[in-house]
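> Let me give you the structure first, and then I'll get to my questions.
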Amino acid sequence: MREFDVAVIGAGVAGLTAAATAARHGVRVAVIEKMGAGGQIMTVERIENFPGAAEPIAGFELGPVMQEQAEQAGAEFILDTVEGLALDGPVPVLKCGEGEIAARSLIIAAGSNRRKLGVPGEEEFAGRGVSHCASCDGPLYRGMTVAVIGGGDSAFDEARVLAAHAGKVLIIHRGEKLRAARPLVDAVSGLANVKICLGTTVEEIIGEDVVRALSLREGASGASRREPVDGVFVYVGLEPNIGFLGGQLELSEHGRIVTDRFMQTSAPGIFAAGDIRQGSAALLAEAAGDGATAAVAALRHLGARFESLDAAE
């Protein structure tokens with residue numbers, strides 16, 4: 001069993017910030033990540049709301065930069081999957097695919113997964129017309145018709161990417177009002193090959209070997225119609241990655257980890273940061289702040305003193 005002072009689950013913005021912050025104070029830090037540095041931002045082509053970035057930056061560029069920063073501070077990266085968590089011993093123990101990792105303090109920054117539509121055809125055509133990554137798969141649909149499902153910032157960000165490749169982009173949102181930021185909505189809706197369909201629900205993804213159409217229902221009239229499309233990109237929200245917790249931490253009604261203002265969970269020495277925690281605004285700037293706060297709280301748990309936090313209490 002490998003042992004560390006601080007273990008960070010997840011290498012998104014929150015996890016990488018936490019790792020760099022803790023490692024700078026000389027403690028042994030491990031970051032356990034099952035994929036690559038950056039988390040959800042790895043599939044985002046244009047990030048425009050990250051502090052200090054005057055120009056848009058791609059997620060696949062920002063993630064490795066933050067990983068390098070954490071590594072230079074002394075953090076160690078472990079490519080593995082956390083499958084379970086044991087809290088019945090003197091310190092938390094992570095049950096990973098390649099072995100066990102013990103840590104005197106734990107920061108959970110495992111983020112979220114894209115929520116599924118839950119309609120017929122979604123699973124069947126995953127990878128064959130159903131996607132969650134416009135920057136990855138958008139070039140495959142040059143000149144074709146694609147549908148983006150969702151009405152938030154992610155949906156409109158990805159629709160803007162797809163509009164540079166596809167002949168036509170349909171943004172389909174079941175609500176009557178969009179959730180995306182107004183400047184983003186204005187920019188995307190002004191594109192000649194983008195059409196926004198409000199009050200419209202996807203009932204089925206139809207295809208043969210690949211996606212061919214969507215079955216849609218209009219909310220106002222209740223009428224159903226078939227819309228020919230070549231690809232479907234789903235952005236209908238996020239679900240927290242909490243399966244490995246085994247119900248051992250207090251969760252909100254929406255399945256996110258409950259924390260106090262110092263990111264402390266219901267278990268001593270275990271902290272949560274980023275959009276996995278209750279009350280997160282799911283903004284990159286907040287994720288970075290969460291990570292730094294969780295790291296300082298973890299260091300305090302290990303015995304370090306931070307006067308600013310002591311005074312805040």
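> Which of the residues belonging to the stretch 160-180 are in contact with a helix residue (DSSP H, G or I) (Cβ under 6 Å, 6 or more places away or on another chain) and over 16 Å from Ala134 (Cα atoms)? Quick ask: steps written out before the conclusion?
So the first thing to find is which residues in the stretch 160-180 are in contact with a helix residue (DSSP H, G or I) (Cβ under 6 Å, 6 or more places away or on another chain), and the list is 160-162, 165-166, 169, 171, 178, 180.
Passing the criteria: Leu178, Ala180.
> Here is a further query. Can you tell me how many residues in the stretch 126-143 are under 17 Å from Glu208 (Cα atoms), among the hydrophobic types (A, V, I, L, M, F, W, C) and in contact with an Asp or Glu (Cβ under 7 Å, 6 or more places away or on another chain)?
Counting residues in the stretch 126-143 that are under 17 Å from Glu208 (Cα atoms), among the hydrophobic types (A, V, I, L, M, F, W, C) and in contact with an Asp or Glu (Cβ under 7 Å, 6 or more places away or on another chain) gives 1.
> I want to confirm something. Restricting to the stretch 222-244 and keeping residues that are of a type in the set (Phe, Trp, Tyr) and in contact with a helix residue (DSSP H, G or I) (Cβ under 7 Å, 6 or more places away or on another chain), which single residue is nearest to Arg212 (Cα to Cα)?
The qualifying residue nearest to Arg212 (Cα to Cα) is Phe233.
> Let me ask you something else. When the stretch 143-181 is examined, which residues are found to be in contact with a Gly (Cβ under 8 Å, 6 or more places away or on another chain), over 18 Å from Glu218 (Cβ atoms) and assigned to a loop (DSSP other than H, G, I, E, B)?
Matches in the stretch 143-181: Gly143, Met144, Gly152, Ala164, His165, Ala166, Gly167, Arg179, Ala180.
> Just a yes or no: is a residue in the stretch 247-262 surrounded by 22 or more Cβ atoms within 10 Å (Cβ to Cβ) and touching a helix residue (DSSP H, G or I) at 6+ places or on another chain (Cβ under 7 Å)? Steps first, please.
Initially, the stretch 247-262 is screened for residues surrounded by 22 or more Cβ atoms within 10 Å (Cβ to Cβ), giving 257, 259.
Applying the additional criterion that residues be touching a helix residue (DSSP H, G or I) at 6+ places or on another chain (Cβ under 7 Å) yields none.
No: the stretch 247-262 contains no residue that is surrounded by 22 or more Cβ atoms within 10 Å (Cβ to Cβ) and touching a helix residue (DSSP H, G or I) at 6+ places or on another chain (Cβ under 7 Å).
> Examine the stretch 16-23 for a residue that is in a loop (DSSP other than H, G, I, E, B) and either touching a Phe, Trp or Tyr at 6+ places or on another chain (Cβ under 6 Å) or not β-branched (Val, Ile, Thr) (or both), and state whether such a residue exists. Outline the logic, then answer.
Pass one, the stretch 16-23, residues in a loop (DSSP other than H, G, I, E, B): none.
No, the conditions are met nowhere in the stretch 16-23.
> Say whether the condition of being assigned to a loop (DSSP other than H, G, I, E, B), open to solvent by 30 Å² or more (accessible area, probe 1.4 Å) and within 30 Å of Gly52 (Cα to Cα) is met by at least one residue in the stretch 216-237.
yes
> OK, next. I'd like to know if the stretch 102-115 contains one or more residues that are in a loop (DSSP other than H, G, I, E, B), open to solvent by 60 Å² or more (accessible area, probe 1.4 Å) and in contact (Cβ under 8 Å) with a residue 40 or more places away in the chain.
Of the residues in the stretch 102-115, the ones in a loop (DSSP other than H, G, I, E, B) are 109-111, 115.
Still in the list and also open to solvent by 60 Å² or more (accessible area, probe 1.4 Å): 115.
Applying the additional criterion that residues be in contact (Cβ under 8 Å) with a residue 40 or more places away in the chain yields 115.
Checked the stretch 102-115: at least one residue is in a loop (DSSP other than H, G, I, E, B), open to solvent by 60 Å² or more (accessible area, probe 1.4 Å) and in contact (Cβ under 8 Å) with a residue 40 or more places away in the chain.
The values are calculated or read from the model by the stated rules, or taken from the named source; none is laboratory data. Computed from a predicted model, the values in this text were never measured in an experiment. All Cβ positions, glycine included, derive from the backbone under ideal geometry; neighbour counts span all protein chains shown. The accessibility values were calculated without ligands, DNA or RNA, using every heavy atom of the protein model including side chains. Shrake-Rupley method; radii C 1.70, N 1.55, O 1.52, S 1.80 Å.
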